[in-house]
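The structure under discussion appears below in the form of structure tokens.
Read the figures in this text as sums done on the coordinates, not as results from a lab. From a predicted model like this one, the values you see are computed outputs, not experimental measurements. Here Cβ is always computed from backbone atoms with ideal geometry, including for glycine, and neighbour counts include all displayed protein chains.
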Amino acid sequence: MEKQRILIISLGELKDTIFTLPLVTSLKRDGHIVDFLTAEKGFEIVNKNPCIDRVYLAAVEQWQKKMPYFGIFEDIKEVVNKLKKKNYDIAIDCQMSFRSFPFISQCGAKKRLTYSTAKGFSAWGGNEFIDKKSDFKNVNTHKVEINLNYARYLNIETKYAEFILPELKYPSKVKMDKFLNFSEERPIILLAPDMKQGETGWHPKSWVNLVSNISTKYNLVVVGDNQDNFLATKMSHKNLSNMCGKTVLEDLRYLISISDLIVSNNLDTSAIAWAMNKEKIITLSTNITPGLYNPYDLTNKNASYTSLTGELACQHCNNIICQNGTYKCSHTPTVETVLNTISKEMNK
């Protein structure tokens with residue numbers, strides 16, 4: 001395949017942007033020019049990424065906060081006009097939602113690739129459905145593989161797909177080392193509770209119980225936002241450092257880089273750790289299907305990516321509101337299961 005100018009569109013959560021990176025590396029390895037359209041949450045992951053030639057920002061989070069915002073049409077038009085000037089050979093809709101529709105439909109690319117099952121009218125923006133080929137019909141697979149199917153459709157090798165991130169910035173190391181208050185050097189376990197999930201997240205009492213029973217031979221770092229900070233203040237452990245509300249993405253990446261094990265109920269944190277090639281990640285899956293989003297062995301390096309969940313008949317519904325009103329999944333996996341898995345991973 002001769003050198004092509006390719007635009008990738010991903011306008012969702014941080015994890016969604018990360019899930020496009022193996023596709024990016026596959027396209028770049030094949031010699032193509034790869035540009036990227038992202039929203040605010042994914043910007044730091046693709047900006048200054050060595051595999052991406054140019055990044056465009058669609059400020060969809062800002063637009064949503066202003067709604068009703070009639071200037072949105074002018075803002076979208078401004079971004080679209082920038083894309084049209086590049087005369088893309090191929091545009092790939094990795095977002096496949098209402099957010100991506102105006103951009104995939106109007107970017108001017110000769111080939112606009114998507115799936116016929118794309119939601120929010122975005123399928124109408126494509127002119128080539130890759131799932132017309134039977135090899136790519138199954139969308140009940142990991143988001144990384146769904147994205148890699150675009151490369152396979154273009155007959156591009158994906159065997160060497162990998163995550164490549166921008167280089168870590170030294171100021172984050174200085175800042176985080178200043179905040180960390182460990183009295184001794186011990187193996188570090190990073191905990192990401194993600195309380196903004198609300199009732200579908202792993203239960204706060206389970207987190208408190210977990211922390212109080214983790215061996216004091218480890219240092220613990222808790223990360224998250226202000227909601228997580230409220231939970232962290234209730235945690236009791238001799239060697240705990242509460243970094244909730246103190247980190248931006250670069251800081252979090254540094255903390256992950258120095259950690260020996262990540263225990264996460266936050267898919268963004270699990271995805272970042274995965275992309276950083278951390279080999280020990282425990283992801284707690286309450287309502288979300290592990291096979292669609294959790295880390296897996298992309299490069300056959302025998303890394304230890306563990307998904308812990310329960311065995312409820314209603315799992316995994318992928319809903320943010322429990323249809324039964326019970327939220328039983330928030331108590332799975334058990335604290336004992338997580339503790340045993342931590343012990344097993346740290347003793348390998």
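Miscellaneous remarks
- Computed from the C-beta positions of Lys85 and Lys301, the FRET efficiency with R₀ = 45 Å rounds to 0.65.
- Cα shape, the stretch 171-346, gyration tensor, a/c 1.5 rule: prolate
- Once the Cα atoms are used to define both axes, helix 72-84 deviates from the longest principal axis of the chain by about 70 degrees.
- Extension gain (nm, one decimal) between Lys159 and Lys77, 0.36 nm per residue minus Cα-Cα: 25.8 nm
- Taking only alpha carbon atoms, the stretch 90-236 gives an Rg to Rh ratio of 1.14, where Rh is the Kirkwood radius.
- Förster radius 35 Å - calculated FRET efficiency between Glu311 and Lys119 (Cβ-Cβ, nearest 0.05): 0.70
- Angle between the chain longest axis and helix 249-258 axis [Cα atoms, degrees, rounded to 10]: 50
- In Å, descending, principal axis extents of the Cα set of the stretch 1-59: 32, 18, 17
- When the convex hull of its Cα atoms is viewed from all sides, the stretch 5-153 shows a mean projected area of 8.2 nm².
- C-alpha long axis of helix 204-213 to longest principal axis of the chain, angle in °: 50
- The fraction of all Cα pairs in the chain landing in successive 10 Å bins from 0 to the largest distance is 5, 24, 31, 25, 13, 3, given as whole percents.
- In the stretch 171-346, Cα pairs under 8 Å separated by at least six residues give a relative contact order of 24 percent.
- Separation in nanometres of the label points that stand 7 Å from Cα toward Cβ, at Glu336 and Lys246: 3.5
- Charged neighbours of Asn242, selected by a Cβ distance under 14 Å, balance to 0 (K, R count +1; D, E count -1).
- Whichever lysines have a C-alpha closer than 29 Å to that of Lys169, once near sequence neighbours (fewer than 8 apart) are set aside: Lys15, Lys28, Lys41, Lys48, Lys143, Lys178, Lys196, Lys246, Lys278, Lys280, Lys301
- With distances taken between every two different alpha-carbon atoms, the stretch 205-257 has a Kirkwood hydrodynamic radius of 11.5 Å.
- Estimated from helices alone, the mean residue ellipticity of the chain at 222 nm is -9000 deg cm²/dmol (sum of -39500 (n - 2.57) over DSSP H runs with n ≥ 4, per residue).
- Each of Asn209 and Gln62 was given a label point 7 Å from its Cα along the Cα-to-Cβ line. The distance between the two points is 4.5 nm.
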